[in-house]
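Participant: Got a structure for you, questions after.
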Amino acid sequence: MAFRLKTFFTLLLVLAAQPVWACSVCFKDPNSQMTIGLQQGVFVLLGFLMIIFVAFVKFIYSFSRRSQVM
């Protein structure tokens, strides 16, 4: 009984599905405000990651310098 019910609802969901229209980013419109905002957001996040990586490398470098002094 449970198998038939699951099969029925799965079939119902598959048959009732509507097509989904892609956004301007998926359509590859380079002049869209959405695409420009997405690119700027990616660059900001990459900038934050670079700051964190540089700080981590400086931290490791300072420990290696301290260990050579001792």
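Participant: Do we have any residue at all in the stretch 2-24 that's surrounded by 10 or more Cβ atoms within 10 Å (Cβ to Cβ), small (G, A, S) and modelled with pLDDT under 90?
Facilitator: Within the stretch 2-24, one or more residues are surrounded by 10 or more Cβ atoms within 10 Å (Cβ to Cβ), small (G, A, S) and modelled with pLDDT under 90.
Participant: Which ones in the stretch 28-49 are more than 18 Å from the chain's Cα centre (by Cα) and open to solvent by 100 Å² or more (accessible area, probe 1.4 Å)?
Facilitator: N31, Q33
Participant: Further question on the same structure: Of the residues that make up the stretch 60-70, is at least one on the phi > 0 side of the Ramachandran plot and either open to solvent by less than 90 Å² (accessible area, probe 1.4 Å) or in contact with a helix residue (DSSP H, G or I) (Cβ under 9 Å, 6 or more places away or on another chain) (or both)?
Facilitator: no
The values are calculated or read from the model by the stated rules, or taken from the named source; none is laboratory data. Small disclaimer: the values here were computed from a predicted structure and weren't measured. Backbone-built Cβ (ideal geometry, glycine too); neighbour counts: all protein chains shown. The area values use the complete protein model at the heavy-atom level, side chains included, leaving out ligands, DNA and RNA. Shrake-Rupley method; radii C 1.70, N 1.55, O 1.52, S 1.80 Å.
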